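Readers should treat all values here as calculations from the given coordinates under stated rules, not as data from a laboratory. The structure displayed is predicted, hence computed values, not measured ones. As a convention, Cβ positions derive from the backbone with ideal geometry for all residues, glycine included, and neighbour counts pool all protein chains shown.
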Amino acid sequence: MATRRPMVAANWKMAGSLQLAEELIQKFSRLPDISPDVVLCPPSVYLDNIQSKLEAKASSLMGKNLTLGGQNLSHQEFGAYTGEISGTMLKEFGCKYVIIGHSERRRMYGETSDMVAEKFAMAQRCGLTPILCVGESLAAREANRTFEVLSGELDAVLDKCGIVAFDNAVLAYEPIWAIGTGKSATPEQAQEVHAFLRQRLSDLSPYEGEKIRILYGGSVKSSNAAELFNQPDVDGGLVGGASLNASEFVTLCRIAS
Ligand code: PEP
């Protein structure tokens with residue numbers, strides 16, 4: 001069985017500050033080595049400054065696997081797209097990862113599954129690893145349509161990019177009803193969905209299915225992280241609100257170790 005290195009990704013959304021970045025970096029630099037990959041996804045205007053902070057602390061951050069990610073990218077490479085940011089730009093500012101298809105972007109900015117698939121492909125073309133978010137609404141869950149919705153979101157990317165593209169990707173299960181609500185999925189609910197997603201990929205390629213990291217996102221905090229992260233198919237978390245508190249976020253990363 002593949003061993004998957006745990007990952008904890010911080011989605012600051014349109015929040016956080018350079019002060020928070022400073023606090024986090026200070027705390028990480030004082031920690032002993034930790035095993036998870038930790039990805040900070042701040043608003044893009046902070047990337048330059050945070051990249052410099054990380055470089056300045058590089059020696060004390062050795063063994064911490066702390067990297068940067070974008071929260072979104074354009075599906076275009078370059079050109080007259082006011083307000084957009086390209087994958088190449090994210091890469092230039094030190095990003096290794098980029099969040100794709102977050103439910104807030106799907107719902108509030110009209111990103112369809114086809115657009116999400118284009119962004120996934122663009123991220124990889126720019127040398128970034130996509131963190132692909134999928135998740136069902138409360139109405140879909142209550143109508144027993146969870147697996148149908150998740151399959152649709154996953155299949156859009158599989159159809160465009162193929163299973164091999166999942167060799168360089170992270171999947172995040174983020175039930176919409178759990179995001180920012182304080183009401184996390186239970187460990188059993190998370191495990192059920194993660195096992196389903198892994199099996200769906202394994203059916204196409206057992207290697208990719210076993211290898212891919214599947215993060216859980218939705219009201220993760222230090223009080224529920226251990227039982228969620230201990231599930232066999234949960235490989236860490238995508239964390240919104242709790243990543244805006246440096247002590248809480250560092251605690252979560254230690255729990256994922
Ligand atoms: C998110 O927005 O990706 C998220 C998981 O948010 P929260 O942790 O606040 O539910």
Full extension between K27 and Y207 adds, at 0.36 nm per residue less the Cα distance, a length in nm of 61.2 nm
Note: probe point = Cα of R5 + 7 Å toward Cβ; backbone nitrogen < 16 Å; residues of the stretch 239-257 passing the test are 253-254, 256-257
So T181 and M62, fully extended at 0.36 nm per residue minus their Cα-Cα distance, gain in nm 39.3 nm
Per GNM of the chain with C-alpha springs under 10 angstrom, the most fluctuating residue out of N144, N224, N72 is N144
What helix-only [θ] at 222 nm does the chain give? Using -39500 (n - 2.57) per DSSP H run of at least 4, over all residues, to the nearest 500, the answer is -12500 deg cm²/dmol
Mean-square fluctuation maximum in Gaussian network of the chain, Cα pairs under 10 Å, restricted to R198, R107, R213, hits R107
Whole-Å distance linking the alpha carbon centroid of the stretch 38-103 with that of the stretch 106-139 is 16
Given unit charges at Cβ for Lys, Arg (+) and Asp, Glu (-), the dipole magnitude of the stretch 7-255 about its Cα centre in debye, nearest 20, is 600
Net charge (Lys, Arg +1; Asp, Glu -1) of residues whose beta-carbon lies under 14 Å from that of P232, P232 excluded, is -3
Here, chymotrypsin sites (Phe, Trp or Tyr not before Pro) of the stretch 1-94 satisfying both criteria (DSSP loop; at most 11 other Cβ within 10 Å) are F78
The extension gain from S222 to K160, computed as 0.36 nm times the residue separation minus the Cα-Cα distance, is 18.6 nm
If S247, S74 are placed from fewest to most neighbouring beta carbons inside 10 Å, the sequence is S247, S74
Other residues with Cβ under 10 Å from the Cβ of N11 give, with Lys and Arg +1 and Asp and Glu -1, a net charge of -1
Listed by chain and number, the lysines with an alpha carbon less than 23 angstrom from that of K53, same-chain partners under 8 positions apart left out, are K13, K27, K64, K91, K96
Compactness check, the stretch 1-45: C-alpha Rg relative to the 2.2 N^0.38 Å globular estimate gives 1.37
Highest mean packing first, using Cβ neighbours within 10 angstrom, the peptides 165-178, 114-127 sort as 165-178, 114-127
Taking N as the number of residues in the stretch 1-106, the ratio of its alpha carbon radius of gyration to 2.2 N^0.38 Å works out to 1.13
Out of G162, Y173, L204 - ranked by how far each Cα lies towards the positive end of the dipole of the stretch 139-250, with unit charges on the beta-carbon of charged residues - the top one is Y173
Counting sequence-distant residues (5 or more places) and residues on other chains, those with an amide H built under 5 Å from that of T129 are Y97, V98
Computed on Cα atoms, the radius of gyration and Dmax of the chain in angstrom are 17.1, 52
In the neighbourhood of R198 defined by beta carbon distances under 9 Å, the net charge of the other residues (Lys, Arg +1; Asp, Glu -1) is -1
